[in-house]
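Just so it is clear, none of the values below were taken in a lab; they were calculated from the coordinates. A quick note: this is a predicted structure, and the numbers were derived from the prediction, not measured. Cβ placement follows ideal geometry from the backbone for every residue including glycine, while neighbour counts extend to all protein chains displayed.
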Amino acid sequence: MSEPISALRRARYEGFVTVEEAGLQGMVQIRGDFDSDIFTRAVSDAAGVPMPGQRKALWEGRQGLLWMSPDEVMLLCPYPEADRALARLDSALAGTHHLALNVSDARTLFTLEGTGLREVLAKLAPVDMSPDVFRPGMLRRTRLAQVAAAFWLRSDTRAEVICFRSVAPYMMDLLSTAAATGSEVGLHGD
Amino acid sequence: MLTLKCPYCGITAEETELHAGGEAHLTRYGPDSSDDNFETYLFTRENPKGVHFERWRHSHGCGKWFHAARCTLTMEVFGTYSAQTTKPPQTILDAITAKRPGWSWRDLS
């Protein structure tokens with residue numbers, strides 16, 4: 001078996017916000033009927049956290065669930081555990097209409113750290129990033145410049161961004177340019 | 001810029017996050033239909049100056065298709081609604097009537 005390698009091998013950029021490719025991250029894409037108790041119970045059992053509400057991210061340590069659309073959630077877990085989580089889901093949901101796929105190697109996760117991260121995201125996405133509108137625990141699927149992405153705030157100084165692995169270098173360039181020292185706009189009083 | 005509220009994820013999304021899907025509420029005539037019906041389905045579209053009903057997809061967001069009612073002249077949006085319907089809900093029709101008395105679109109008014 002070849003050794004798994006993340007898209008940018010933990011590339012890091014330090015500007016007024018620190019951008020880092022987070023390395024290998026387990027991600028399982030799950031679709032199904034959120035109104036079905038069997039489905040939601042199986043998903044939260046596999047993830048170890050309750051089902052998130054609309055546009056919310058819930059996590060407990062390295063486990064988590066991201067609300068992606070009215071019928072889709074993303075399960076987060078350590079990279080080596082993704083296949084196990086998927087197997088648990090598939091057995092719990094045997095006979096229930098659903099779709100689950102290990103997409104760990106098809107997505108890339110970036111972390112943004114620093115007080116100016118709202119500004120970095122606001123430069124790239126058509127999203128109101130003001131602190132009273134976009135709060136920690138909220139998730140947004142949108143575009144960052146020209147590519148699709150999802151991001152959520154773990155806290156006011158830490159955000160995580162997911163994009164397709166194929167656009168990881170583009171995303172790194174984007175985030176680094178937006179986070180370059182001296183390019184602060186001061187929109188959110190940072 | 002056009003901003004539409006996605007009825008599925010509740011985001012007020014601006015145009016660059018969306019993809020236009022053409023006219024709403026078309027009847028899809030298939031292989032056993034008459035030539036006239038099939039031609040109308042393929043080629044005949046409304047081209048109104050005023051109230052219009054369209055399909056949109058929240059392509060850079062939740063990925064869902066939805067419907068929107070808007071004015072092509074002023075870009076005013078009367079409302080957005082679910083894709084799981086073959087005609088606009090009464091609340092949308094009422095909102096249009098309140099703002100554009102006497103409007104009509106196909107057989108709706």
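Protection proxy ranking for A:179-186, B:3-10, A:24-31, using the average of other Cβ atoms within 10 Å per residue and placing the highest first: A:24-31, B:3-10, A:179-186. Among B:Gly63, B:Gly50, B:Gly30, the largest mean-square fluctuation in a Gaussian network model of chain B (Cα springs under 10 Å) belongs to B:Gly30.
Highest mean first, the peptides A:152-159, B:37-44 sorted by other C-beta atoms within 10 Å per residue fall in the order A:152-159, B:37-44.
For the Cα atoms of chain A, what angle does the longest principal axis make with the long axis of helix A:37-47, in degrees from 0 to 90, nearest 10? Here the helix axis deviates by roughly 60 degrees. Legend note: in the protein assembly as shown, cysteines whose Cβ sits 4.7 Å or more from every other cysteine Cβ are A:Cys77, A:Cys163, B:Cys6, B:Cys71. How big is D for chain A, in µm² s⁻¹ as a whole number, if Stokes-Einstein is applied with the Kirkwood radius of its Cα pairs at 4 °C and 1.567 mPa s? The Stokes-Einstein estimate is 76 µm²/s.
The Kirkwood hydrodynamic radius of the stretch A:1-67, based on inverse pair distances between different Cα atoms, is 14.4 Å. The fraction of Cα-Cα pairs per 10 angstrom bin, counted from 0 for the stretch A:26-102, comes to 22, 62, 16, 0 percent, rounded to whole percents. Can you tally the lysine pairs in the protein assembly as shown where the Cα-Cα distance is under 30 Å and the two residues are eight or more apart, or on different chains? Summing the qualifying lysine pairs gives 15.
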